[in-house]
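Written out below as structure tokens is the structure these notes cover.
The values are calculated or read from the model by the stated rules, or taken from the named source; none is laboratory data. Source: prediction; values computed, not measured. A quick note on method: Cβ atoms are made from the backbone with ideal geometry, for glycine too, and the neighbour counts reach across all protein chains shown. Ligands, DNA and RNA are excluded from the accessible area calculation, which covers all protein heavy atoms including side chains. Shrake-Rupley method; radii C 1.70, N 1.55, O 1.52, S 1.80 Å.
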Amino acid sequence: IEQLAAQAGREKPFVPENRPPYVYQVPLEFIPGVGKRAMDKLLARFGTEMQILHDAPITDIAETAGEAAAEVIAASRTGKLVLQAGGGGRYGRVAKP
């Protein structure tokens with residue numbers, strides 16, 4: 001994106017003021033510590049994946065799915081999620097905190 005902006009003669013990308021902020025998110029199935037059973041429990045308690053990823057209290061997530069999963073979800077909310085790059089035919093993945 002930065003290269004395209006530079007080619008267009010801009011030092012910074014143009015973002016209209018009325019554009020909503022970009023929210024980075026990782027599907028629950030890729031969160032370490034969230035397997036099938038934990039996913040089912042989380043969905044039963046909070047309703048939707050978006051509710052879990054964005055709104056459910058971290059303490060409640062920890063009670064339902066464990067501290068490890070709650071830590072990764074909290075990191076994703078604050079932009080501190082660590083991703084391991086893929087390569088050589090392997091996909092990247094979420095690193096455990």
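Please go through region 76-97 and pick out each residue that is in contact (Cβ under 8 Å) with a residue 12 or more places away in the chain and under 15 Å from residue 27 (Cβ atoms).
So in region 76-97, the residues in contact (Cβ under 8 Å) with a residue 12 or more places away in the chain come out as 76-77, 79, 81-83, 93-97.
Scanning region 76-97 gives 76, 77, 81, 83, 93, 94.
Give 26, 82 a once-over and let me know the one that is of a type in the set (Val, Ile, Thr) and open to solvent by 80 Å² or more (accessible area, probe 1.4 Å). Let's see the steps before the verdict.
Working: 26 fails: open to solvent by 80 Å² or more (accessible area, probe 1.4 Å).
From the options 26, 82, the qualifying one is 82.
Quick one: in region 1-19, of everything that is open to solvent by 100 Å² or more (accessible area, probe 1.4 Å) and modelled with pLDDT of 75 or more, which residue is nearest to residue 95 (Cα to Cα)?
So in region 1-19, the residues open to solvent by 100 Å² or more (accessible area, probe 1.4 Å) come out as 1-4, 7, 10-12, 14, 17-19.
The next check asks that each one be modelled with pLDDT of 75 or more; those that pass are 17-19.
Numbers: 17: 34, 18: 34, 19: 30 Å.
By that ranking, first place goes to 19.
Could you figure out which of (1) open to solvent by 30 Å² or more (accessible area, probe 1.4 Å); (2) of a type in the set (Gly, Ala, Ser); (3) at pLDDT 85 or above isn't true of residue 38?
That leaves (1) as the condition not met.
Find the residue count for region 46-70, including only residues that are within 13 Å of residue 28 (Cβ to Cβ), outside any helix (DSSP H, G or I) and open to solvent by 60 Å² or more (accessible area, probe 1.4 Å).
1
What number of residues within region 60-97 satisfy the criterion of being at pLDDT 90 or above, closer than 12 Å to residue 33 by Cα and under 13 Å from the mean Cα position of the chain (by Cα)?
Result for region 60-97: 5.
Which ones in region 71-97 are in a helix (DSSP H, G or I) and touching an Asp or Glu at 6+ places or on another chain (Cβ under 7 Å)? If you could, list the steps in order and put the result at the bottom.
Narrowing region 71-97 to residues in a helix (DSSP H, G or I): 71-77.
Listed by number, the list is empty, since nothing qualifies.
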